[in-house]
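No lab work stands behind these numbers, since they all come straight from the coordinates. Quick caveat, the model's predicted, so the values are computed rather than measured. Heads up, the Cβs are rebuilt from the backbone with ideal geometry, glycines too, and the neighbour counts pull from every protein chain shown.
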Number of protein chains: 2
Amino acid sequence: MKANNKTNNRSARPTRIERFIPIVFWLRRYTHEDLHGDLTAGIITAIMLVPQGMAFAILAGLPAQVGLYASVLPPIVYALLGTSRTLAVGPVSVAAIMVAQALSDLPGSVDPLMAAVTLALIAGAVLLLMGLAGIGLVANFLSHPVLSGFIHAAVVLIVLNQLPTLTGIDVPVEWTISGLMNSVASGLATTHGITLLIGAASIALLLLAGGPVVRLLTRLGIPRRRAMIVSRAAPLLVVILSTLAVTLGNLHFVATVGTIPQGLPMPTLALPETQLAMELLPAAILIGVVGYVESVSIAITLANRRRQHIDANQELIALGAANLAGGISAGMPVAGGFSRTMVNFSAGAHTQLAAIITAVLVAAVALFFTPLLETLPKSALAAIIIVAVSRLIDPRAIVNTWRFDRVDGLVLLATALGVLAIGIEPGLAIGIALSLVSFVVRAARPHVAVMGRIRGTEHFRNVRRHKVETWPQLLFLRVDENLTFANAAFLESLVSNKLASRGDIHHVILVLASVNSIDSTALEALERLAESSREAEVTLHLSDVKGPVMDQLERSKLLKAIEPGQVFLSAHQAAEALR
Amino acid sequence: MKANNKTNNRSARPTRIERFIPIVFWLRRYTHEDLHGDLTAGIITAIMLVPQGMAFAILAGLPAQVGLYASVLPPIVYALLGTSRTLAVGPVSVAAIMVAQALSDLPGSVDPLMAAVTLALIAGAVLLLMGLAGIGLVANFLSHPVLSGFIHAAVVLIVLNQLPTLTGIDVPVEWTISGLMNSVASGLATTHGITLLIGAASIALLLLAGGPVVRLLTRLGIPRRRAMIVSRAAPLLVVILSTLAVTLGNLHFVATVGTIPQGLPMPTLALPETQLAMELLPAAILIGVVGYVESVSIAITLANRRRQHIDANQELIALGAANLAGGISAGMPVAGGFSRTMVNFSAGAHTQLAAIITAVLVAAVALFFTPLLETLPKSALAAIIIVAVSRLIDPRAIVNTWRFDRVDGLVLLATALGVLAIGIEPGLAIGIALSLVSFVVRAARPHVAVMGRIRGTEHFRNVRRHKVETWPQLLFLRVDENLTFANAAFLESLVSNKLASRGDIHHVILVLASVNSIDSTALEALERLAESSREAEVTLHLSDVKGPVMDQLERSKLLKAIEPGQVFLSAHQAAEALR
């Protein structure tokens, strides 16, 4: 909490330059204490990132070093431009599986690395343009159930995809759940004993370090903070132990990462071929937008804890630039990773200097230590991936969504099944389409209350829930929903039928207290209603019209069409005037 | 008004049988006066329907008699089942052009009549099923701007489509605006003088009868009601005069309707081929739904004028059955026609007996008078179509839509351009998709007010608009929109940034007076907000939560997540408790 207050004291308004290059804002206020936290967090995150980066690159169907390259320049660019002080940008599992699926659709003649670079460049350009145009709201179309359904399905795909590597089965990659299961089943007999052993031992080590070991160490009196380091270093331990096992045991029949070129590639901008770019465009947009939505949601949560500011639009620019940086440095698409960011945050990161330190350390590995990784078995990396993604599974979230809202629950399931059965892009498309449809369906049958006045007061309430006074010639209707094309016909036929069934009504007062907007379909319906009611000697009135809605109506013919009907400030005023 | 009161007195609640077969309800209460009106209206509508029916069949690319067949059984079936007493069901121009476009996509080997029958059967079955399942709200997806954009584009397509027939140019049918214009332009030199003369004279006669003649007659002292009959008989007059001209002038080089078989086809149910049915399915659904939406909108408007009841779901069943009747009687898809219904209504129709009389008269024409129509020139029918559809054009409606709401204006234009440039089905699909997107975009940046209390009262108002008292440690926020995936991220980042910029806030009170529903994405955002705020020593509270929303929240973790935050009945109560 001490650190928080510190941060508060420094949270003055950023200047113009500081708004566009947020790092200037922090560096100007940088303290010794910040450096301590950033250094620790930077080192811990680097220990986690090196094996994860390579693993995610392999998951994406790319050479292991691509994951290292994507962990250097992109986080540095994000550090300069991003508004989150703790988001850890780099290769992430979900983007990796999306890259893998996009690559699998391409003809064999296309170089996977070139395709990955193209994906990163397009995703970056799209996010950057969205940010510059200020249309970040496009990302809103990815609702929580769609995202949750997608991520759970992606985890299943990733695990199935890594099973062959983990067990040494030699089967072709498949992209639908049925294809994957078939190929895994058919190759089961070819399981490679030693490979499987390494994989299983790695998983066991990672799972033990994830909880039991930490609990044991804290029980032995070691501070929890220090004990957690063991858990975070577990992937590195797996890398070291499995590499040693292969080298010392001379297990040359186990599939390993192989030669990794030493050094870092010079940044070069290779403009992608038009045809390839067009083919990859939908995948690239989804990779960019999914990464953005996930990153911002993590960033906001963490910023909120320290009362820091996140500018969603600036995040588009920063993540867009980070992906472009990934593209020009022979990397892959990047985003803010959930678990890595949490580790970075809880290890004490105060600013993006932590991320820069991490990047420098990863660069050092790429420059000097890659020869040591040649005999790193792929099954160990598969184990790291499987354990990492399994933490994204949250069955309680699914149950809660289902319980809270059946429609959202169905959208979640449909997205997950779509992604598993027919692929990531069509699955996401189905989910987004269903989200949109559910939006309309929800608004289609709004709650409508017939109202009366609580005797002796000015308050109007639902006649069904309260004892109220009513007047036979007046009908007060309150619609609890914005008036749109989704419910215009419903409303029109509701009023029309109320009039048909109660011949004594002479005034209908629509109470618009809950109406925040009216679209042209609803306006048309109200105009028709006003005109046709008049012939039946019924006058339409409005009451409790909100300011912005009134501004809208003044641009329409409705106020003229309801004449001699009026607009009353409240239902009470209407009752006084009309009864 | 007298008739209206009559109707009122008779508007008892329908019995169960009367609800399913509404004609029973009217017939039980049928009066002598009703018969007088129905007889007049039935005859006048028949006079209008015979030439229109044939014209719309030719527009659809079908033999002229199909239009007559579609004017007999379908309106009788609707009369039995429909809840509108004045809707005139039969061939309509918009459905005709949709049929024409659907037929043009089929291979040449398919019999157009069989395809039209298939369209009618599928459209009917779809509407009937929707009605039986009670899911009429599917029709809501066709918003006013989409429908208006579509109809205006359809009118342009129809007029261009009929120009060759009107002028005698012999060019192939084209379905995009550019194709149509090219083919008309290239064939211009082949214009057939006499054909054009007949067409132009017909248009002139129809236009004159539509207004000037009526005005002249009323000025000469003839009652307006009787003068209007001239206007309504004009199409029949065009048919008689042009047929006589061709016969007496021996103009056998003018394209005529040709031999029309005498009699009516026996109803037969020819189940459509599966492959053809699948190909026509999207077109059939659109034809059914567009026809339904148009019909119900007319029906509600007219019912409202006489305080009659329209049951939207029963309308689905009735129009579905009418289309099935069209399908089994060698007809084409049908709907309630706008202009014909208006004529029927204003000619005094009280019940659907008028429609039955019309149908009997059309049947008589088909049985006995078709030989007289053999030399009816097609250009005269083209003139009737062009004048009829030009009445659907309403530039003021377009301007009003644009003025009232830019987004809806853009949806209208995009639909119209889509229909013209790439075709009816994709154009409508674009329009519907944009409607859905606009729905989300509208909700994306809700109006949010920071609130304070008007001194000495319990009322809270926007601090920007009113002089109010506020408390530094309390932040009252009222969101004027339902909380959904469209604005969850906006809201989260808004609150988060308010907290970052005002370090003294300790309580955030979300005033949910305008919130009618919360979806799971928004719920997730609120839960994250509550948890992350707590770490920054800020408590989240809710106030003015509506009943249905509270029911929702009680199924969620939110009320637990905001603890020690509370749910207050009003902002005033929150202020009293927290300040």
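Taking the dipole about the Cα centre of the protein assembly as shown, with the C-beta of Lys and Arg at +1 and of Asp and Glu at -1, give me whichever of A:Pro63, B:Leu103, A:Gly565 is farthest to the positive side.
A:Gly565
How tilted is helix B:353-364 with respect to the longest principal axis of chain B? Cα atoms for both, answer in degrees (0 to 90, nearest 10).
40 degrees
Scaled to the compact-protein estimate 2.2 N^0.38 Å, what is the alpha-carbon radius of gyration of chain B, rounded to two decimal places?
Working: Rg = 29.8 Å, N = 579, 2.2 N^0.38 = 24.7 Å.
Chain B yields a ratio of 1.21.
So how strong a dipole does the protein assembly as shown carry about its Cα centre when Lys and Arg Cβ are +1 and Asp and Glu Cβ are -1, to the nearest 20 debye?
Values: 84 positive and 70 negative charges, 805 e Å.
About 3860 debye.
Once the Cα atoms of helix A:520-535 and of chain A are each reduced to a long axis, what angle between those two axes, in degrees from 0 to 90 to the nearest 10, is obtained?
Once rounded, the angle reads 10 degrees.
Taking amide H positions as placed in the peptide plane 1.01 Å from N, state which residues far from A:Val567 in sequence (5 or more) or on other chains have amide H under 5 Å from it.
Amide H to amide H, under 5 Å and 5 or more residues apart or across chains, A:Val567 pairs with A:Leu542.
Along Cα-to-Cβ, 7 Å out, sits the label point; list in nm, shortest first, how far the one on B:Asp394 is from those in the other copies.
4.9
Report, as an integer, the average count of C-beta atoms from other chains found within 10 Å of each Cβ along B:534-540. All intermediate terms of the calculation are to be shown ahead of the outcome.
On the way: counts 2, 8, 11, 5, 2, 0, 0.
Partner-chain Cβ atoms within 10 Å, mean over residues of B:534-540: 4.
Output ³J(HN,Hα) for region A:161-168: one whole-Hz value per residue in order, computed from phi by the Karplus curve 6.51 cos²θ - 1.76 cosθ + 1.60 with θ = phi - 60°, and x for Gly and Pro.
5, 8, 4, x, 5, 5, 9, x
How big is the gap, in Å, between the Cα center of region B:517-579 and the Cα center of region B:385-431?
Cα centroid to Cα centroid, the span is 44 Å.
How would you rank A:262-275, B:440-453, A:144-157, highest first, on the average number of other Cβ atoms within 10 Å across their residues? Show your work: numbers first, answer last.
Details: A:262-275: 11.9, B:440-453: 19.7, A:144-157: 24.9.
Answer by packing, highest mean first, reads A:144-157, B:440-453, A:262-275.
Please work out the Cα center distance from region A:474-504 to region B:267-325, rounded to the nearest Å.
First find each Cα centre; the distance between them is then 23 Å.
Size of the dipole of region B:448-578 about the Cα centre, Lys and Arg at +1 and Asp and Glu at -1 on the beta carbon, nothing else charged, in debye to 20?
Working: 15 positive and 17 negative charges, 104 e Å.
Dipole about the Cα centre, nearest 20: 500 debye.
I need the Kirkwood Rh of region A:445-493: take the reciprocal of the average 1/r across all distinct C-alpha pairs and report it in angstrom. Could the numbers behind the result be given before it?
Details: mean 1/r = 0.0844 Å⁻¹.
When all Cα pairs of region A:445-493 are included, the Kirkwood radius is 11.8 Å.
Which value, in debye to the nearest 20, gives the size of the charge dipole of chain A about its Cα centre, when Lys and Arg are +1 and Asp and Glu are -1 at the Cβ?
Working: 42 positive and 35 negative charges, 502 e Å.
For chain A, the charge dipole is close to 2420 debye.
Tell me, in nm to one decimal, what length is gained between A:Ser501 and A:Phe20 on full extension, where the rule is 0.36 nm per residue of separation less the Cα-Cα distance? Can you show the working numbers first?
Details: separation 481, 0.36 × 481 = 173.16 nm, distance 6.29 nm.
In short, 166.9 nm is gained.
Tell me the Kirkwood hydrodynamic radius of region B:448-578 in angstroms, computed as one over the mean inverse distance between distinct C-alpha pairs. Walk me through the numbers before you get to the answer.
Details: mean 1/r = 0.0684 Å⁻¹.
After inverting the mean inverse Cα-Cα distance, the result is 14.6 Å.
Sort region A:538-579 into rounded, prolate or oblate with this rule: let a ≥ b ≥ c be the square roots of the eigenvalues of the Cα gyration tensor; rounded if a/c is under 1.5, and if a/c is not under 1.5, prolate when a/b is larger than b/c, oblate otherwise. All intermediate terms of the calculation are to be shown ahead of the outcome.
Working: a/c = 3.63, a/b = 1.35, b/c = 2.69.
Oblate is the answer for region A:538-579, as a/c is 1.5 or above yet b/c matches or exceeds a/b.
By counting other Cβ atoms within 10 Å of each Cβ, how are A:Thr370, B:Thr470, B:Thr351 ranked from fewest to most?
Numbers: A:Thr370 20, B:Thr470 15, B:Thr351 24.
Placing the least packed residue first, the sequence is B:Thr470, A:Thr370, B:Thr351.
What residues qualify as long-range amide H neighbours of B:Val257, i.e. H under 5 Å apart, gap of 5 or more or another chain, H built at 1.01 Å from N?
Here the answer is B:Leu376, B:Lys378, since their amide H atoms fall under 5 Å of that of B:Val257.
Return a whole-number percent for the relative contact order of chain B, with Cα pairs under 8 Å and 6 or more residues apart as the contact set. Spell out each step's value before the answer.
Details: 1027 pairs, mean separation 129.3, N = 579.
Computed value for chain B: 22 percent relative contact order.
Could you tell me which residue in chain A puts its beta carbon nearest the axis mapping A onto B, with the distance rounded to whole Å?
A:Leu436, 2
Under the rule a/c < 1.5 gives rounded, and otherwise a/b versus b/c splits prolate from oblate, where does region A:103-222 land using the Cα gyration tensor? List each step's numbers first, then the result.
Working: a/c = 2.26, a/b = 1.27, b/c = 1.78.
Oblate.
For A:Arg340, A:Arg534, what ranking results if the residue with the fewest other Cβ atoms within 10 Å of its Cβ goes first? Present the calculation step by step, with values, prior to reporting the outcome.
Values: A:Arg340 27, A:Arg534 18.
If I rank by nearby Cβ atoms, fewest first, I get A:Arg534, A:Arg340.
Other chains' Cβ within 10 Å of B:429-442 residues: what's the mean? Before the final figure, lay out each step's value.
Values: counts 0, 0, 0, 1, 2, 0, 7, 10, 3, 3, 9, 10, 5, 5.
Mean partner shielding for this stretch: 4.
Counting only DSSP beta bridges with both residues in chain A, what percent are antiparallel, rounded to the nearest 5? All intermediate terms of the calculation are to be shown ahead of the outcome.
Working: 11 of 24 bridges.
Looking only at bridges with both residues in chain A, the antiparallel portion is about 45 percent.
Arranged by the count of other C-beta atoms within 10 angstrom, fewest first, what order do A:Asp519, B:Asp551 take?
On the way: A:Asp519 27, B:Asp551 10.
Fewest-to-most ranking of A:Asp519, B:Asp551: B:Asp551, A:Asp519.
Hey, what does the equivalent ellipsoid look like for the protein assembly as shown, semi-axes from the Cα gyration tensor as sqrt of 5 times each eigenvalue, largest first, whole Å?
On the way: eigenvalues 826, 297, 118 Å².
Taking √(5λ) for each Cα gyration eigenvalue gives 64, 39, 24 Å.
Taking K and R as +1 and D and E as -1, what net charge do the other residues with C-beta under 13 Å from the C-beta of B:Pro272 add up to?
Details: positive: none; negative: B:Asp111, B:Glu273, B:Glu279.
Net local charge, B:Pro272 excluded: -3.
Once you wrap a convex hull around the alpha carbon atoms of region B:344-422, what is its projected area averaged over all directions, in nm²?
Working: hull surface 36.4 nm².
Over all viewing directions, region B:344-422 projects a mean Cα-hull area of 9.1 nm².
I need the inter-copy label distances for A:Glu33: point set 7 Å along Cα to C-beta, values in nm with one decimal, smallest first.
A:Glu33 label point versus its equivalents elsewhere: 8.9 nm.
One decimal, nm, shortest first: give the distances between the label point of B:Glu535 and those of the same position in the other copies, each label point 7 Å from Cα along Cα→Cβ.
6.5
Output the 0 to 90 degree angle, nearest 10, between the alpha-carbon long axis of helix B:395-404 and the longest principal axis computed from the alpha carbons of chain B.
Approximately 0 degrees, to the nearest 10.
Ignore the peptide's own chain and count Cβ atoms of other chains within 10 Å of each Cβ in B:137-148; give me the average, rounded.
Counting other chains' Cβ atoms within 10 Å and averaging over B:137-148 gives 6.
How far is the Cα center of region A:66-108 from the Cα center of region A:116-171, in Å?
Here the two parts' Cα centres lie 10 Å apart.
Roughly how many nanometres apart are two label points built 7 Å out from the Cα toward the Cβ at B:Leu39 and A:Leu569?
According to this spin-label approximation, the distance is 5.9 nm.
Set Lys and Arg Cβ to +1 and Asp and Glu Cβ to -1, take the dipole of the protein assembly as shown about its Cα centre, and tell me which of B:Asn462, B:Ser496, B:Leu553 lies farthest positive.
B:Asn462
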